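A.B. asks: Following this message is one structure expressed as structure tokens.
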Amino acid sequence: MGRHRQFDEGEALEAALSVFWQKGYEGASFEDLSQATGVARPGLYSAFGNKEALFIKALDLYDARYMGFMSEALSEPTSLKVVERILQGSANIHTMDSAHPGCLGINGALACSDDAEPIRRELIRRRAATQLALRKRLERAQREGELPASVDGATLASFVMAISQGMAVQAKAGASKKALEGLVEYVIKTWPSASR
């Protein structure tokens, strides 16, 4: 009976994350994943399960390592600071490495076949949870009198998420960090305020 090659699962997961971030869920083949991790397909299956399970684990790693700024931003003292931190963090993460620009969650779901529907739904679920948390924070700012009573918290949260996600798409298409920061600056300058 042959011996299975030993490998570091953490390193393999990091390599898989890089492939998924660069190529998206469906664009990443098992051959790509095997080459990047240095682990043959049976070893990847044994360690992580199928491709969907490997992607979810890579997505969890991505969230833990790179997306903490989203939840941290919610504790900022004003809605303006919340949004500035979210959008500046987005600009940073979307442009931090030219090998995989954009956002893993957006890159992973822009084009999904019927076979990848569970991945698309999982990515939608995660984005919706983030948007709901932002909505609640903005509604709190409104109750505290910081945002005008006329502002709809749900629409405003959706707007911020659309800007962040649009920045990811633009970064994937080659937009520079400076260009994305221009968008952040514009949003900050036009942010609603109870004093305006």
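A.B. asks: Please check: in the Gaussian network model of the chain (C-alpha springs, under 10 Å), which one of Gly166, Gly105, Gly24 has the largest mean-square fluctuation.
C.D. replies: Gly166
A.B. asks: Ordering Phe55, Phe159 by how much accessible area each has at a 1.4 Å probe, largest first, what is the list? Walk me through the numbers before you get to the answer.
C.D. replies: Numbers: Phe55 0, Phe159 90 Å².
My answer, sorted largest first, is Phe159, Phe55.
A.B. asks: Quote to one decimal, in nm, the extra length available between Thr155 and Asp115 on full extension: 0.36 nm per residue of separation minus the C-alpha distance between them.
C.D. replies: The Thr155-Asp115 span can extend by a further 11.2 nm.
A.B. asks: Remind me, relative contact order of region 9-190 in percent, using alpha carbon pairs under 8 angstrom and six or more residues apart?
C.D. replies: In percent, rounded to a whole number, it is 26.
A.B. asks: Taking all protein chains together and a probe of 1.4 Å, list Met161, Met67 from the most accessible to the least accessible. Kindly include the intermediate steps, with their values, before the conclusion.
C.D. replies: Values: Met161 10, Met67 35 Å².
Result of the area sort, largest leading: Met67, Met161.
A.B. asks: Is the shape of region 100-196 rounded, prolate or oblate, going by the alpha carbon gyration tensor and its root eigenvalues a ≥ b ≥ c, with a/c under 1.5 for rounded and a/b larger than b/c for prolate?
C.D. replies: Oblate, since a/c reaches 1.5 and b/c is not below a/b.
A.B. asks: A further question on this structure: Per DSSP H run of at least 4 residues, take -39500 (n - 2.57); add these up for the chain, divide by its residues and hand me the 222 nm value, nearest 500 deg cm²/dmol.
C.D. replies: -22500 deg cm²/dmol
A.B. asks: Separate question: Can you sort Met167, Met70 by solvent-accessible area, 1.4 Å probe, largest first?
C.D. replies: Met70, Met167
A.B. asks: Exceeding 27 Å between C-alpha atoms, which entries from my cross-link table qualify? They are Lys23/Lys189; Lys57/Lys178; Lys57/Lys189; Lys51/Lys136; Lys51/Lys177; Lys23/Lys177. Walk me through the numbers on the way to the answer.
C.D. replies: Details: Lys23/Lys189 35 Å; Lys57/Lys178 31 Å; Lys57/Lys189 38 Å; Lys51/Lys136 34 Å; Lys51/Lys177 32 Å; Lys23/Lys177 20 Å.
Check vs 27 Å cut-off fails for Lys23/Lys189; Lys57/Lys178; Lys57/Lys189; Lys51/Lys136; Lys51/Lys177.
A.B. asks: With just the Cα atoms of the chain, tell me how far they stretch along each of the three principal axes, in Å, largest first.
C.D. replies: Over the chain, Cα extents along the principal axes are 74, 30, 30 Å.
A.B. asks: Given a 1.4 angstrom probe, what's the average accessible area per residue across the chain, in square angstrom?
C.D. replies: Working: 10420 Å² over 196 residues.
Each residue of the chain exposes 53 Å² on average to a 1.4 Å probe.
A.B. asks: So, one more: Could you pull out every whole DSSP H run in the chain that spans at least 30 Å of Cα extent along its own axis and averages 1.6 or higher on the Kyte-Doolittle scale?
C.D. replies: none
A.B. asks: Here's a follow-up. Let a ≥ b ≥ c be the square roots of the eigenvalues of the Cα gyration tensor of region 62-103; is it rounded (a/c under 1.5), or, if not, prolate (a/b larger than b/c) or oblate?
C.D. replies: oblate
The values are calculated or read from the model by the stated rules, or taken from the named source; none is laboratory data. The model shown is predicted, which means the values in this text are computed figures rather than measured ones. Side chains included, ligands, DNA and RNA excluded: accessible areas come from the protein's heavy atoms. Shrake-Rupley method; radii C 1.70, N 1.55, O 1.52, S 1.80 Å.
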